[in-house]
Amino acid sequence: MNYNFTEIEAKWQRLWQEKQTFRTILDGQKKKYYCLEMFPYPSGSGLHVGHLKNYVPTDAFCRFKSMQGYNVLHPMGWDAFGQPAENEAIRLGRNPRQMVPEYAATYRETLIKTGCSYDWQREINSSLPDYYKWTQWIFLLLHRKGLAYRATAPINWCPSCKTGLANEEVKDGRCWRCDAPVEKKPMPQWFFRITAYADRLLADLEKLNWSEGMKEMQRDWIGRSEGTEVDFALKDSNLIIRVFTTRPDTLFGATFMVLAPEHPLVSQITAPKRRSEVEAYIRKAQGESEIDRLNISRSKTGVFTGAYAINPVNGNKIPVWLADYVLMSYGTGAVMCVPGHDDRDFEFARKFDLPIVQVVSRDGSTYELKTAEAAEGIAVNSGVWSGLSSSAFKKAIGPWLEEKGLGRPTINYRLRDWLISRQRYWGAPIPIVHCSGCGEVAVPEAQLPVLLPDVENYQPSGTGESPLALIPEFVQTVCPKCGGAARRETDTMGGYACSSWYFLRFADVGNDKFFASRSALDYWLPVDLYTGGIEHARSHLLYARFWTKVLFDEGLLGFEEPFLTLRNQGSLLAMTPGRRPRPQDEHGENDEKIVDWIVLKHEEREQYPADQIVWRWARMSKSKGNVVTPDDMAERYGADSLRVYEMFVAPFEDNVHWSEEGIHGSHRFITRVWRWLQAALPLYRREWRDELPMEMSPAERGVRRKLHQTLRKVGAQIETFQFNTAVAAIMELLNEIYAYALPEKDSLPENLNPAIISELAETLILMMAPFAPHMGEELWQQLGGTDSVYRAPWPDFDPDQIFEKTVDVMIQVNGKIKDKISVALDCGEEDVKREAMKCEKIKHLLAGRQIVKMIFVKNKMLSIVCK
RNA sequence: GCCGGAGUGGCGGAAUUGGCAGACGCAUCAGACUCAAAAUCUGACGGGGUUUAUCCUUGUGAGGGUUCGAUUCCCUCCUCCGGCACCA
């Protein structure tokens, strides 16, 4: 029978659906395994082979776990709300309400066609009311606990998407979706107080089985910094300015002070004579994009306020300046400046001719500072503290300041509170009502969900209000508290709210009483294995951990960390046509980024001169015009071949340069497996275990040994996500099987032992099943299996078969391998030495030389050192 | 600038704990089959050398070190990728 993958794959996809093979039911008798891939937002370009770099290996893993007897939860859903989907809808002039389900259906179809084993009864769409009702419910919980608050602050504003953005959604000063430079805009906004959990989010990383790199990224993002707050009195005033420093040991060197332009005391302290200049500076700072303000290579700017502060340790009068290199959003928005020992302060002092005083020395002497010396050392010019080491000084000055009421130890975080409100249509409405009498009032639970109204025009307004503000029927409501007229909150929640709890919903999709029942949560959660791209390191993964901790604190969950093990798949790169930039490309934007290559647009590709096209590797995406679709690959080579290739081509975590050539090898492998089994199956006997011969030929022993070695290896390597070497191991086995029993014209050579052939056939099918599921099922059925192969147990390897009776031991002379001898397994040192000395070659090499020592490693080698 | 990760044939990659470098695959070359091609099967495949075979030698980014022995451990440097970056 020929390998007709088109027919076989369609057949099993149909049967899996009909028989609901992957339907998962809570079964307290069985051990659960919850395996989850980050749910995608469905985009119009559909899935490409790069997406499968995650889905396919994870799917093989699930099938393997299922064969191991676990009750596997493997769900899929759609991160449907939010900017990505909405931007695409706007671009196409479509309504996201219709567009998203269409796209989701396309995704689902591709996933089915590539043989992914999801329980589709648990499909989630986060933009449906039965889901976002609970997103709103959790919002209210956060609100009740004081973890959701509204504040007016200069926020990240994307002028192109016309919405506020969380810090995590700004990369290099640009919007994560459209790459437009982000502006600062003071607006009333909703925040989640994630900073209240900063310490726990940091500490609990220790418990997680995540890659060190991933944890490090989260640590950096949280950015815990221990330091001291110091109060500086203002001269001729009773005001004080509080600063944060990690180097209180350099206090004596503080020769000036800088406030952020947005610092609340600025207008009070500014001298009348300086006022116009100060106000001009503030206006200029506000008008600048983040990209400019954060540009590290830019030279320092600043303005003197005319005010002086008193250095609390030496009573010196120091000038107070404003400069935009000090951020209002970190620490106290004010810093004491020690130009001798801080690069930024040094540069500022040089530029504005401010005094530079050395207070730390490498060796205790004083010398002229050519640059800022930030390293710790020995205090100088520091009154009674001089001579102390920096660390001793730091220890001593804290209590001293505290005693005088001038300072206190403080911890600061780089992490900012999570800005959640979006001035956009396509998100879960924030369930708050503004009442002139009662203020901010939470929508009562019974009134949830606050439905997102169906509208024709949902384009962002750009006024700072969401399009919902233009819908009177939505906005006008009554205050739940006093019954008076009130206004609904019109901002919606950013999409990351939806993805911060979806993994909980999968445990109990469809529950209309609660976000998920406690029994379902207790059984399925936490997620045992979570896979996805590394790009969510500082956003989704931090948010989801935060929400989980809040729900845990509320007693709603029995665990504090949602994702025990995390694995990040590499991406797929494809050859992409591009061009050199033209001068006008840089026009209009304050683009400091070095761009030496621009992807050709679709319309450009046709007419662009071929010799001017520059091909480069780039991540697959439809906008780059370099997409390879799984549907196409599955049609030409079969889904099973595609799957094997995606796993074999490189380690799970690695990036891959896509080429179609490699898939031939995987297809050839699959076909070879099929061909051998077609020849072997006529010999198959169900009772082969009882029929294995007592006496076996070396060839028989050899192929069985390889089989059991492979079985051990494949099981261990699937477990550790080494799919590439697991597939390679089966290829090796197949090569040995072919050497043992080469199929010709659909049959095997005569005189082969049917029991051994049966063992090989049955085990090979079971081993292939996670990787090539359609073929696995088909062959299992041909073998006589009546139920799905995934209900069959993963076979145990026989440890007795694994080891050979003899092993090759290398003989080294002075560190070089000179010969090898074959000895019995576990052969002792003396015997090996005796054998080695019998070798002609070794005898020759040792002739006339003196043996200094010998090192023996059992079953491996004997190393002879001589002179 | 700071913090991670990685450098192995023409290519993707493999090597338990420091113990036969290059598994497996792609590409290439040769042979078998064929009228022929494809498919399939078999073999060769890092560099250099010679007495051409169970041979010698060199070789895992560069240089040094530890060791009987280093792709693996240590030091210095180079390159690439990722993250953070005026966070006081």
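If only one of A:R91, A:R63 is open to solvent by less than 10 Å² (accessible area, probe 1.4 Å), of a type in the set (K, R) and outside any loop (DSSP other than H, G, I, E, B), which one is it?
A:R63
Yes/no matrix, rows are residues, columns are (1) open to solvent by 10 Å² or more (accessible area, probe 1.4 Å); (2) under 25 Å from the mean Cα position of the chain (by Cα); (3) modelled with pLDDT under 95; (4) not hydrophobic (A, V, I, L, M, F, W, C):
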| site | (1), (2), (3), (4) |
| --- | --- |
| A:C482 | yes, no, yes, no |
| A:R488 | yes, no, no, yes |
| A:G495 | yes, yes, yes, yes |
| A:F503 | no, yes, no, no |
| A:G510 | yes, no, yes, yes |
| A:R518 | yes, no, no, yes |
| A:L521 | no, yes, no, no |
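Regarding the range A:251-262, can at least one residue be identified that is more than 10 Å from RNA strand B (Cβ to nearest atom), open to solvent by 40 Å² or more (accessible area, probe 1.4 Å), closer than 22 Å to A:I397 by Cβ and not in a loop (DSSP other than H, G, I, E, B)?
So far as the range A:251-262 goes, no, none of its residues is more than 10 Å from RNA strand B (Cβ to nearest atom), open to solvent by 40 Å² or more (accessible area, probe 1.4 Å), closer than 22 Å to A:I397 by Cβ and not in a loop (DSSP other than H, G, I, E, B).
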- Condition test on A:I471, is it more than 30 Å from A:V72 (Cβ to Cβ) and open to solvent by 20 Å² or more (accessible area, probe 1.4 Å)? yes
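Quick one: in the range A:396-419, which of the residues that are of a type outside the set (A, V, I, L, M, F, W, C) and part of a helix (DSSP H, G or I) is most open to solvent (accessible area, probe 1.4 Å)?
Step by step, filter the range A:396-419, then rank; the result is A:E403.
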- Query: Has the range A:171-181 got any residue that is in a helix (DSSP H, G or I) and under 22 Å from the mean Cα position of the chain (by Cα)?
  - Reply: no
- Item | Unmet criterion (only one of (1) surrounded by 13 or more Cβ atoms within 10 Å (Cβ to Cβ); (2) within 16 Å of RNA strand B (Cβ to nearest atom); (3) closer than 30 Å to A:E736 by Cα) for A:C839 | (3)
- Item | Count of residues meeting criterion [open to solvent by 60 Å² or more (accessible area, probe 1.4 Å) and touching a strand residue (DSSP E or B) at 6+ places or on another chain (Cβ under 7 Å)] in the range A:842-867 | 8
- Note on the structure: Filtering the range A:28-49 down to residues that are more than 23 Å from A:Y103 (Cβ to Cβ) and under 31 Å from the mean Cα position of the chain (by Cα) yields A:K30, A:K31, A:K32, A:Y33, A:Y34, A:C35
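Residues to consider are A:P57, A:P40, A:P84; find the one that is in contact (Cβ under 8 Å) with a residue 24 or more places away in the chain and open to solvent by less than 10 Å² (accessible area, probe 1.4 Å).
Details: A:P40 fails: open to solvent by less than 10 Å² (accessible area, probe 1.4 Å); A:P84 fails: open to solvent by less than 10 Å² (accessible area, probe 1.4 Å).
The conditions single out A:P57.
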- Subset of the range A:208-230 that is open to solvent by 20 Å² or more (accessible area, probe 1.4 Å) and in a strand (DSSP E or B) - its residue that is farthest from RNA strand B (Cβ to nearest atom): A:N209
- Query: Out of (1) more than 18 Å from A:L415 (Cα to Cα); (2) within 23 Å of the chain's Cα centre (by Cα); (3) within 16 Å of RNA strand B (Cβ to nearest atom), what's the single condition that is false for A:E123?
  - Reply: (3)
- Task: Taking only the range A:672-698 into account, find how many residues are open to solvent by 30 Å² or more (accessible area, probe 1.4 Å) and within 43 Å of the chain's Cα centre (by Cα).
- Result: 2
- Item | Count - residues of the range A:765-774 that are outside any loop (DSSP other than H, G, I, E, B) and closer than 21 Å to A:K53 by Cβ | 3
- Looking at the range A:818-835, which of its residues are in a helix (DSSP H, G or I) and not β-branched (V, I, T)? A:E829, A:E830, A:D831, A:K833, A:R834, A:E835
- Collect the residues in the range A:632-671 that are out of contact with any helix residue (DSSP H, G or I) (no Cβ under 6 Å at 6 or more places or on another chain), of a type in the set (D, E, K, R) and surrounded by 15 or more Cβ atoms within 10 Å (Cβ to Cβ), keeping them in residue-number order. A:E635
- Does any residue of the range A:546-569 turn out to be open to solvent by 10 Å² or more (accessible area, probe 1.4 Å), in a loop (DSSP other than H, G, I, E, B), within 16 Å of RNA strand B (Cβ to nearest atom) and out of contact with any Leu (no Cβ under 8 Å at 6 or more places or on another chain)? yes
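A quick yes/no check of all residues on (1) over 20 Å from A:A428 (Cα atoms); (2) out of contact with any helix residue (DSSP H, G or I) (no Cβ under 8 Å at 6 or more places or on another chain); (3) of a type in the set (G, A, S):
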| site | (1), (2), (3) |
| --- | --- |
| A:L468 | no, no, no |
| A:P472 | no, yes, no |
| A:A497 | no, no, yes |
| A:F503 | no, no, no |
| A:A507 | yes, no, yes |
| A:F515 | no, no, no |
| A:G533 | yes, no, yes |
| A:H536 | yes, yes, no |
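For the condition under 20 Å from A:L265 (Cβ atoms) and more than 14 Å from RNA strand B (Cβ to nearest atom), what is the one hit in A:L369, A:L406, A:L327?
Details: A:L369 fails: under 20 Å from A:L265 (Cβ atoms); A:L327 fails: more than 14 Å from RNA strand B (Cβ to nearest atom).
Going through A:L369, A:L406, A:L327 in turn, just one is under 20 Å from A:L265 (Cβ atoms) and more than 14 Å from RNA strand B (Cβ to nearest atom): A:L406.
Does A:P101 qualify as being open to solvent by 10 Å² or more (accessible area, probe 1.4 Å) and outside any strand (DSSP E or B)? Let's see the steps before the verdict.
Numbers: open to solvent by 10 Å² or more (accessible area, probe 1.4 Å): yes; outside any strand (DSSP E or B): yes.
Yes: the conditions hold for A:P101.
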- Query: Quick one: is A:K351 assigned by TED's automatic domain parsing to the domain that holds A:D236, away from RNA strand B (no atom under 15 Å from the Cβ) and not hydroxyl-bearing (S, T, Y)?
  - Reply: no
- Query: How many residues does the range A:327-366 hold that are in a loop (DSSP other than H, G, I, E, B), out of contact with any helix residue (DSSP H, G or I) (no Cβ under 9 Å at 6 or more places or on another chain) and buried (at least 17 other Cβ atoms within 10 Å of the Cβ)?
  - Reply: 4
- Message: Going residue by residue through the range A:420-441, is there one that turns out to be assigned by TED's automatic domain parsing to the domain that holds A:L142, open to solvent by 20 Å² or more (accessible area, probe 1.4 Å) and free of Cβ contacts under 8 Å to residues at least 40 places away in the same chain?
- Response: yes
- Message: So in the range A:296-324, with the set limited to residues that are within 14 Å of RNA strand B (Cβ to nearest atom) and open to solvent by less than 40 Å² (accessible area, probe 1.4 Å), which one is nearest to A:W400 (Cα to Cα)?
- Response: A:W321
- Residue check, A:F244 against (1) open to solvent by 20 Å² or more (accessible area, probe 1.4 Å); (2) part of a helix (DSSP H, G or I); (3) touching a strand residue (DSSP E or B) at 6+ places or on another chain (Cβ under 9 Å); (4) farther than 15 Å from A:H341 by Cα, all met but one. Which one? (2)
- Residues within the range A:331-377 that are at pLDDT 90 or above and farther than 15 Å from A:M257 by Cα, tallied: 3
- State the number of residues belonging to the range A:190-200 that are buried (at least 23 other Cβ atoms within 10 Å of the Cβ) and either without any contact (Cβ under 8 Å) to a residue 40 or more places away in the chain or in a strand (DSSP E or B) (or both). 2
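The values are calculated or read from the model by the stated rules, or taken from the named source; none is laboratory data. Predicted model, so just to flag it, every value in this text is computed and none were measured. Virtual Cβ from ideal backbone geometry, glycine too; neighbours counted across all protein chains shown. With ligands, DNA and RNA removed, areas are computed over all heavy atoms of the protein, side chains included. Shrake-Rupley method; radii C 1.70, N 1.55, O 1.52, S 1.80 Å.
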